[in-house]
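*Asks:* Structure below; questions to follow.
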Amino acid sequence: GSLTETEWSEHFGRFVPLPENINAPLALRYHGHQFQSYNPNLGDGRGFLFAQLIDPIDGRLLDLGTKGSGQTPWSRAGDGRLTLKGAVREVLATEMLEALGVYTSKTLSVFETGERLERHDEPSPTRAAVLVRLSHSHIRFGSFQRPACNGEHALTERLIRSSVERYLPALDAQSPIEDLTPAFLREVTLRSARLAASWMVAGFVHGV
């Protein structure tokens, strides 16, 4: 059913767990390249996976993730906060991309927190907010890089099979891993190329 205004504030402003859902926030750790160097210390630095739902229409997994909800173990000295201006920019960008037919996250809610943030790249102090975004996955390239780099082959295989089962049902998640891995890589590469091309056509560029 629908939430009352108080329930919206509790769940999406203060992040009280949704009933019968994720009991504790999940800040995910991953590896990746940053500034031309391999970095094994990356992770969700100002947000976490808050809840997961199943779309009743098409059965897809819906991930609800926060932005600006504070520090996590992977904040790397950042304050984990989000400016209200940054939240508004994300709302505008995601709405524009969706209107242009580009796959994107969806901004579900924005709450102003009443805090004042210091930022070096814009006038400060500035107003703070917390945002909840909807996406269909929080799995990243770096989610695979981390166990692979650490030699955790069983975990890497488990993540591949689980991702295929959830997101690429046309592939056989139980096929031999030496066949499944290149098939999975081909599909991810193709989808990523199409996504990046759609960003370029829309004129959207991410600063990082």
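*Asks:* Which one of these is under 18 Å from the mean Cα position of the chain (by Cα), under 30 Å from Arg166 (Cα atoms) and among the charged types (D, E, K, R): Arg29, Arg81, Arg89?
*Replies:* Going through Arg29, Arg81, Arg89 in turn, the sole match is Arg29.
*Asks:* Quick one: what pairs do we get from region 146-161, first residue among the hydroxyl-bearing types (Ser, Thr, Tyr), second in a helix (DSSP H, G or I), C-beta under 7 Å, 6+ apart or different chains?
*Replies:* As it stands, the answer is Thr156/Phe144; Thr156/Pro147; Thr156/Ala148, since those pairs meet every condition given.
*Asks:* Report yes if Val102 is of a type in the set (A, V, I, L, M), at pLDDT below 95 and within 27 Å of His33 (Cα to Cα), otherwise no.
*Replies:* It is true that Val102 is of a type in the set (A, V, I, L, M), at pLDDT below 95 and within 27 Å of His33 (Cα to Cα).
*Asks:* Take Thr83 and decide whether it is among the β-branched types (Val, Ile, Thr), within 23 Å of Asn41 (Cβ to Cβ) and at pLDDT 95 or above.
*Replies:* Against the criterion (among the β-branched types (Val, Ile, Thr), within 23 Å of Asn41 (Cβ to Cβ) and at pLDDT 95 or above), Thr83 does not qualify.
*Asks:* Being modelled with pLDDT of 95 or more and not in a loop (DSSP other than H, G, I, E, B) is the requirement here; does Leu97 meet it?
*Replies:* no
*Asks:* Follow-up. Confirm whether Asp63 is surrounded by 15 or more Cβ atoms within 10 Å (Cβ to Cβ), of a type in the set (Asp, Glu) and under 26 Å from Arg116 (Cβ atoms).
*Replies:* Spelling it out, it is not the case that Asp63 is surrounded by 15 or more Cβ atoms within 10 Å (Cβ to Cβ), of a type in the set (Asp, Glu) and under 26 Å from Arg116 (Cβ atoms).
*Asks:* Within region 70-80, identify whether any single residue is surrounded by 14 or more Cβ atoms within 10 Å (Cβ to Cβ), touching a residue at least 40 places away in the same chain (Cβ under 8 Å) and part of a strand (DSSP E or B), and answer yes or no.
*Replies:* no
*Asks:* Give the residues of region 45-61 that are in a loop (DSSP other than H, G, I, E, B) and touching a residue at least 60 places away in the same chain (Cβ under 8 Å), sorted by residue number.
*Replies:* Across region 45-61, the qualifying residue is only Arg60.
*Asks:* Just to be sure I understand, how many residues within region 111-162 are open to solvent by less than 70 Å² (accessible area, probe 1.4 Å), under 30 Å from Thr83 (Cα atoms) and assigned to a loop (DSSP other than H, G, I, E, B)?
*Replies:* Residues meeting the conditions: 7.
*Asks:* Being within 21 Å of Tyr38 (Cα to Cα) and under 17 Å from the mean Cα position of the chain (by Cα) is true for just one of His138, His153. Which residue is that?
*Replies:* His138
Listed here are the residues, each with its yes/no results for (1) exposed (fewer than 12 other Cβ atoms within 10 Å of the Cβ); (2) on the phi < 0 side of the Ramachandran plot; (3) of a type outside the set (A, V, I, L, M); (4) not in a loop (DSSP other than H, G, I, E, B).
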site	(1), (2), (3), (4)
Thr6	yes, yes, yes, yes
Glu10	no, yes, yes, yes
Phe15	no, no, yes, no
Ile22	no, yes, no, no
Tyr38	yes, yes, yes, yes
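*Asks:* While we're here: In the set Glu152, Glu112, Glu118, which member is at pLDDT 95 or above and more than 30 Å from Ala99 (Cβ to Cβ)?
*Replies:* The conditions single out Glu152.
The values are calculated or read from the model by the stated rules, or taken from the named source; none is laboratory data. Remember, it's a predicted structure, so these values are computed and weren't measured experimentally. With ideal geometry, Cβ positions are generated from the backbone for all residues, glycine too; neighbour counts draw on all protein chains shown. Keep in mind that these areas ignore ligands, DNA and RNA; they rest on the heavy atoms of the full protein, side chains included. Shrake-Rupley method; radii C 1.70, N 1.55, O 1.52, S 1.80 Å.
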